Amino acid sequence: MEYRNKYAISGILLYMACIVFIIFMTFGQDLRGPVWVVLFWIIMLFTAVNAVAKSFMQESAGRQLYYYTLANPRDIMLSKIIYNIFIMLFLAVIALLFYSVTSGYPIVDNASFLLSLLLGAMAFATTFSMISAIASKASNSGTLMAILSFPLLIPIIIILIRISLNAIQQNNLDINLQDLLYLAALNVMIIALAMVLFPYLWRD
Amino acid sequence: MLKQLHTKWWKVLCVLLLGYTFIYGLLVEIPNVALLHETVRNLFFHVPCWFAMLLLMLTSLVYSIKYLRTGKTKYDLAAVALLRMAVTFGILGYLTGMLWGNYIWGNLVSWITNDTKILGTAIGLLIYFAYFILRGSIEDEEKRARVSAVYSIFAFILLNVAINVVPRLTDSLHPGSGGNATFTVYELDNHLRMVFYPAVIGYFLLGLWISSIIYRMGRLNYLNNNIPIE
């Protein structure tokens with residue numbers, strides 16, 4: 001659907017590269033474990049805001065109407081969510097690569113970190129898709145996007161950071177298993193809520 | 001429930017319960033709990049704020065769902081009025097909590113520490129401030145009601161699941177975690193309970209009362225402009 005605007009994705013990639021570069025310039029090579037983790041998730045958060053915010057805001061009213069005649073709202077929401085999940089996974093991998101090249105890679109427990117990356121990217125994508133749909137209905141949607149979604153994401157980020165902090169200390173998937181399952185359940189719940197609520201947003 | 005607004009009995013009950021809370025709450029014999037001592041009386045004034053806030057938010061959630069199902073403006077008005085009072089109780093809860101924390105934890109702002117309950121309510125308040133900003137930035141009334149109802153439902157359910165249901169996020173200074181005793185062990189002995197539960201009901205009824213007045217003001221606003229709200 002948005003493959004048309006390839007420049008948008010390149011823009012996000014460049015945005016992310018700039019953040020990583022700023023971090024590299026300020027910290028150099030001596031980035032210690034916990035700071036590395038926190039900064040990584042902050043990079044992910046801000047990249048996600050910019051990447052996923054576009055999914056509803058950039059659509060013109062005419063195109064929205066066109067979709068409206070074409071498909072039912074649940075399908076549209078589901079396709080947006082799936083698309084955003086893929087975008088976020090792609091961005092997460094690129095961010096991780098670029099960040100570890102410049103600032104090192106202190107993770108010991110790859111399995112739980114990568115799983116948390118997968119589930120975290122999915123959670124960001126689903127939440128931001130829904131909030132983007134809400135914010136696109138209002139006038140100053142750029143600011144609204146941030147203030148509506150950040151409070152919702154704080155608990156998710158706390159869990160993600162906790163998993164990552166465990167992952168830099170010891171190689172033990174078991175202690176993170178509960179948190180990972182919890183994140184997966186949260187993802188399912190967000191998608192279900194979006195499916196139920198989106199039709200009400202859609203009809204204008 | 002909107003029809004019950006004009007009956008008097010629950011307002012009388014509210015005043016009686018609050019009077020009872022404030023008078024008997026200051027007189028009642030309290031158990032001598034280590035650390036807390038006399039400050040435990042704040043239990044009657046601090047904790048009911050949060051209970052009232054949560055109950056008002058739940059009631060508001062019900063009205064938001066009703067609005068989405070029926071599309072009647074009056075349900076939207078009720079939901080907003082309830083949320084306004086819920087946020088007010090949240091702020092009052094912070095103020096009373098800071099006073100309590102001043103005596104127990106040493107200073108007014110030790111709540112910046114990682115505490116699940118404080119964090120959760122802080123996020124909750126942020127969400128509802130954002131809710132009011134969202135409402136402010138949509139011109140069309142029908143769309144405003146619809147979009148804000150959707151956000152309110154989405155945010156409330158997501159936040160409550162994220163904070164409460166599954167694993168405790170962090171250690172807490174509040175009862176029930178981090179080595180502190182829960183309510184049931186010794187803190188709430190029967191004397192305290194006799195004041196605490198009426199206090200919760202009293203605060204909740206007061207919230208309902210004030211929000212019913214806000215609701216009626218909003219309704220009059222609509223009726224003056226001859227906009228039907230049914």
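The values are calculated or read from the model by the stated rules, or taken from the named source; none is laboratory data. All values derive from a computational prediction rather than experimental measurement. Methodologically, a virtual Cβ is constructed for each residue, glycine included, from the backbone with ideal geometry; neighbour enumeration extends over all protein chains shown.
Data for the structure
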{"quantity": "Cross-chain or 6+ apart pairs with Cβ under 9 Å, region A:31-42 first and free of Cβ contacts under 8 Å to residues at least 12 places away in the same chain, then in a helix (DSSP H, G or I) and surrounded by fewer than 20 Cβ atoms within 10 Å (Cβ to Cβ)", "calculated": "A:Val35/A:Phe27; A:Ile42/A:Ile19; A:Ile42/A:Ile157"}
{"quantity": "Every pair of residues 6+ apart whose Cβ atoms lie under 6 Å, when the first sits in region A:56-79 and is modelled with pLDDT of 80 or more while the second is not small (Gly, Ala, Ser)", "calculated": "A:Pro73/A:Phe198; A:Pro73/A:Pro199; A:Pro73/A:Trp202; A:Arg74/A:Met195; A:Ile76/A:Tyr67; A:Met77/A:Phe198"}
{"quantity": "Matching residues, region A:169-189, being among the acidic types (Asp, Glu) and in contact with a helix residue (DSSP H, G or I) (Cβ under 6 Å, 6 or more places away or on another chain)", "calculated": "A:Asp179"}
{"quantity": "Matching entry among A:Ser100, A:Ser136 (being within 12 Å of chain B (Cβ to nearest Cβ), under 24 Å from A:Met16 (Cα atoms) and either small (Gly, Ala, Ser) or in contact with a Cys (Cβ under 6 Å, 6 or more places away or on another chain) (or both))", "calculated": "A:Ser136"}
{"quantity": "One residue from A:Phe124, A:Phe113 being at pLDDT below 90 and assigned to a helix (DSSP H, G or I)", "calculated": "A:Phe113"}
{"quantity": "Matching residues, region B:119-159, being polar (S, T, N, Q), modelled with pLDDT under 90 and within 18 Å of the chain's Cα centre (by Cα)", "calculated": "B:Thr121"}
{"quantity": "Residue count for region A:157-183, restricted to those that are outside any helix (DSSP H, G or I) and either more than 9 Å from A:Ser112 (Cα to Cα) or within 12 Å of chain B (Cβ to nearest Cβ) (or both)", "calculated": "1"}
{"quantity": "In region B:69-96, the residues that are surrounded by fewer than 21 Cβ atoms within 10 Å (Cβ to Cβ) and over 14 Å from the mean Cα position of the chain (by Cα)", "calculated": "B:Arg69, B:Thr70, B:Gly71, B:Lys72, B:Thr73, B:Lys74"}
{"quantity": "Residue match in region A:142-156 (condition: more than 11 Å from chain B (Cβ to nearest Cβ), closer than 23 Å to B:Ile65 by Cβ, in contact (Cβ under 8 Å) with a residue 12 or more places away in the chain and assigned to a helix (DSSP H, G or I))", "calculated": "no"}
{"quantity": "Condition met for A:Ala92 (buried (at least 19 other Cβ atoms within 10 Å of the Cβ) and either under 17 Å from A:Leu13 (Cβ atoms) or within 11 Å of chain B (Cβ to nearest Cβ) (or both))", "calculated": "yes"}
